[in-house]
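The values are calculated or read from the model by the stated rules, or taken from the named source; none is laboratory data. Here the structure is a predicted model, which means the values were calculated and not measured. Note: ideal-geometry Cβ built from the backbone for every residue, glycine included; neighbour counts use all protein chains shown.
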Amino acid sequence: MKKMQFTILKRIWRASFGKFVCVTLFLWLAIAAISLFWTPYSLLKTNGYEVWQKPSFAHLLGTDGTGADMLSWLMAGSRVELVIVVCTVMISALIGTVLLSIMISQYKIIRATSVMAVDALISVPTVLIALMLAVPFGTNVLVIVIACGFGYGFNLARIVRPSAKLVLQSDYVNSAISQGASRRYVLLRHVLPNITPVALVQLSLSAGTVILAESGLTYLGVGVPSGVPSWGRVLATSVTLIHVNPLAVLWPGLIVTIVVVALNLLGDVLRKVLDPCAKSMNKVGAK
């Protein structure tokens with residue numbers, strides 16, 4: 001297993017844009033870890049005499065409207081962003097798996113009803129879900145995680161369903177069922193392992209979308225609350241006074257762009273790297 005994981009990582013590194021993806025994600029994780037223990041300035045430190053300062057030796061990326069160090073807020077925001085992405089992806093994977101198990105049920109009426117329900121729920125915008133959740137929960141990180149988790153979970157189930165149906169129609173699955181294998185066993189032993197490559201690609205694309213959703217929802221006032229560092233919060237705070245200091249918008253916007261591009265390219269890289277593995281898994285299963 002360890003040898004296979006090392007081989008996959010090696011293929012990702014050697015793939016087109018693989019080095020850019022690996023370096024970007026490594027720096028994100030490293031900065032998030034470092035920000036737990038150290039930032040150039042305390043996030044609570046403000047100075048009314050240093051409002052909207054341009055980059056200097058004292059403040060490498062300048063300051064915001066309260067005189068707080070921009071670099072410190074972006075470093076701290078990296079860990080908040082990482083938590084949001086990881087939690088959302090986990091919820092999406094869980095919801096997608098549960099829905100998939102219902103959508104490939106052995107009962108036709110359950111399959112048809114669940115497919116129609118998922119198709120209807122996919123059409124509901126994530127922003128609308130977040131706005132509805134903001135009523136009982138208020139401005140909260142939980143709103144972003146739940147709204148995006150459900151929205152991307154529906155989409156994940158719909159995308160991986162065709163692959164799951166192909167697995168269920170394979171000879172080795174029919175053989176397992178004829179020998180008395182339960183539906184649960186088939187799902188865990190055959191379906192999920194074979195759709196993992198497709199699911200990972202979709203989840204990596206969803207991870208990039210989460211960052212964009214966080215920035216947009218925070219700008220609308222239903223995302224990360226004031227005082228909590230995140231890239232979207234820094235961007236939302238700076239964009240209102242872009243005419244005063246355009247560089248204050250440049251830094252968070254640039255970081256969001258680079259990380260989102262890296263996560264999207266990760267999806268393409270995983271598709272190229274995992275396809276051979278998926279084919280070999282199918283051959284092994286067929287035997």
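Screening Leu99, Leu71, Leu29, Leu36 for residues that are modelled with pLDDT of 90 or more and either within 28 Å of Ala157 (Cβ to Cβ) or in contact with a Cys (Cβ under 9 Å, 6 or more places away or on another chain) (or both) leaves exactly one candidate, Leu99.
Looking across the stretch 183-231, the residues that are in contact with a Gly (Cβ under 6 Å, 6 or more places away or on another chain) and under 23 Å from Leu265 (Cα atoms) come down to Val201, Ser204, Leu205, Glu214, Ser215, Ser230, Trp231. Residue-level check: of (1) over 30 Å from Gly227 (Cβ atoms); (2) out of contact with any Ser or Thr (no Cβ under 9 Å at 6 or more places or on another chain); (3) of a type outside the set (D, E, K, R), Met103 misses just (2). Here Leu274, Leu266, Leu241, Leu270 are screened, and the one residue that is crowded, with 19+ Cβ neighbours inside 10 Å and at pLDDT below 80 is Leu274.
Contact map, the stretch 26-41: residues that are over 16 Å from Val80 (Cβ atoms) paired with residues that are among the hydrophobic types (A, V, I, L, M, F, W, C), Cβ distance under 7 Å, separation 6+ or inter-chain. Pairs shown: Pro40/Leu71.
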